[in-house]
Amino acid sequence: MCATIASLHGLGESPTVWGGVTSAPELASYEYVTPALFTPELITDGWSLDTATDLLATQIGEQRVHLVGLSLGAVVALNLAIRYPHLVASLLLSAPQAKPPVLLMRVQNLLMRLLPEKVMCPPEVTKKQLLAVMESLSSLDLTHGLPTVNVPTTVACGAKDRANLNAAQHIAAAIPTARFEIVPSAKHQWHAQMPQQFARHVARHLTA
């Protein structure tokens, strides 16, 4: 039975964003799943990190998976590793946050309010719903759980993703089993912009 990789998308994305990564030949020997973080049952009743994490744990079942997450997906992956460690074989976190700076959250909130809905929202989510997700993350603090993560972990961040570099480095330092990588020339959404390179990073992480 081949190992399973579960990739978790970012805030303004849907699972389709992983198409270029999942089709890479480097990952052909793995089973790949791309769960949605904005399912109707999550959005309708008000999205929360713990509820999304609990649903993901239910979807995973009893198997241990290699979690790959970017941005919001990295936050959910990290929360799953803290709350359901028995389900996680390893972590690759790109541009994660454990306790976002207030200023960063305010800037992101402002940008999201200014951008048109069709630009910032996946098809199944409205702008109002996405802003509610942002609001639910305003008090996020996973720092207490970082030292408890004990699976092989890679924390990565694009060299041009300056808003998340500091947080990614601090998260890597707080996880005993983590190593930190800065990806040259990469921006925040390098999984979509550089999918082949992202896939190579995943493959290297899994064989390290």
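Look at segment 1-18 and say how many of its residues are touching a residue at least 40 places away in the same chain (Cβ under 8 Å), open to solvent by 20 Å² or more (accessible area, probe 1.4 Å) and in a helix (DSSP H, G or I).
Residues flagged as touching a residue at least 40 places away in the same chain (Cβ under 8 Å), open to solvent by 20 Å² or more (accessible area, probe 1.4 Å) and in a helix (DSSP H, G or I) within segment 1-18 amount to 1.
Take residue 68 and tell me if it is of a type in the set (A, V, I, L, M), assigned to a loop (DSSP other than H, G, I, E, B) and under 15 Å from residue 178 (Cβ atoms).
Values: of a type in the set (A, V, I, L, M): yes; assigned to a loop (DSSP other than H, G, I, E, B): no; under 15 Å from residue 178 (Cβ atoms): yes.
The answer is no for residue 68.
Counting only residues that are β-branched (Val, Ile, Thr) and farther than 17 Å from residue 7 by Cβ, which one in segment 152-178 is nearest to the chain's Cα centre (by Cα)? Give the derivation first.
Start the filter on segment 152-178 by keeping residues that are β-branched (Val, Ile, Thr), which leaves 153-155, 171, 175, 177.
So of that shortlist, the ones also farther than 17 Å from residue 7 by Cβ come out as 171, 175, 177.
Numbers: 171: 13, 175: 16, 177: 18 Å.
The residue in question is 171.
Six or more apart or on different chains, Cβ atoms under 7 Å: show the pairs whose first residue is in segment 126-137 and under 18 Å from residue 116 (Cβ atoms) and whose second is hydrophobic (A, V, I, L, M, F, W, C) and part of a helix (DSSP H, G or I).
So the pair list comes out as 127/120; 129/43; 130/112; 130/120; 131/112; 134/112.
Based on what the data block shows, is residue 24 of a type in the set (A, V, I, L, M, F, W, C) and either modelled with pLDDT under 95 or surrounded by 21 or more Cβ atoms within 10 Å (Cβ to Cβ) (or both)? Give the derivation first.
Values: of a type in the set (A, V, I, L, M, F, W, C): yes; either modelled with pLDDT under 95 or surrounded by 21 or more Cβ atoms within 10 Å (Cβ to Cβ) (or both): no.
Spelling it out, it is not the case that residue 24 is of a type in the set (A, V, I, L, M, F, W, C) and either modelled with pLDDT under 95 or surrounded by 21 or more Cβ atoms within 10 Å (Cβ to Cβ) (or both).
Can you report the number of residues in segment 179-208 which are open to solvent by less than 30 Å² (accessible area, probe 1.4 Å) and either over 16 Å from the mean Cα position of the chain (by Cα) or aliphatic (A, V, I, L, M) (or both)?
Number satisfying all stated conditions: 5.
For residue 120, which of the numbered conditions (1) over 16 Å from the mean Cα position of the chain (by Cα); (2) surrounded by 13 or more Cβ atoms within 10 Å (Cβ to Cβ); (3) without any contact (Cβ under 8 Å) to a residue 60 or more places away in the chain fails to hold?
(3)
Take residue 112 and tell me if it is within 18 Å of the chain's Cα centre (by Cα) and surrounded by 12 or more Cβ atoms within 10 Å (Cβ to Cβ). Spell out how you get there, then give the answer.
Values: within 18 Å of the chain's Cα centre (by Cα): no; surrounded by 12 or more Cβ atoms within 10 Å (Cβ to Cβ): yes.
Criteria not met by residue 112.
So residue 148 clears everything in (1) β-branched (Val, Ile, Thr); (2) buried (at least 17 other Cβ atoms within 10 Å of the Cβ); (3) at pLDDT 95 or above except one condition, right? Which one?
With (1) β-branched (Val, Ile, Thr); (2) buried (at least 17 other Cβ atoms within 10 Å of the Cβ); (3) at pLDDT 95 or above applied to residue 148, the lone miss is (2).
Tally the residues that are part of a loop (DSSP other than H, G, I, E, B), in contact with an Asp or Glu (Cβ under 9 Å, 6 or more places away or on another chain) and surrounded by fewer than 16 Cβ atoms within 10 Å (Cβ to Cβ), restricting the search to segment 30-57.
The number of residues fulfilling the criteria is 1.
Here's a check for you: in segment 123-145, which residue that is of a type in the set (Gly, Ala, Ser) and open to solvent by less than 60 Å² (accessible area, probe 1.4 Å) is modelled with the lowest pLDDT?
132
Working only within segment 79-104, note down all residues that are under 15 Å from residue 8 (Cα atoms) and part of a loop (DSSP other than H, G, I, E, B).
Across segment 79-104, the qualifying residues are 95, 96, 97.
The values are calculated or read from the model by the stated rules, or taken from the named source; none is laboratory data. Bear in mind the structure is a predicted one, so any value in this text is a computation, not a measurement. In this analysis, Cβ positions are derived from the backbone assuming ideal geometry, glycine residues included, and neighbour counts consider all displayed protein chains. What goes into the accessible areas is simple: the full protein's heavy atoms, side chains included, and nothing from ligands, DNA or RNA. Shrake-Rupley method; radii C 1.70, N 1.55, O 1.52, S 1.80 Å.
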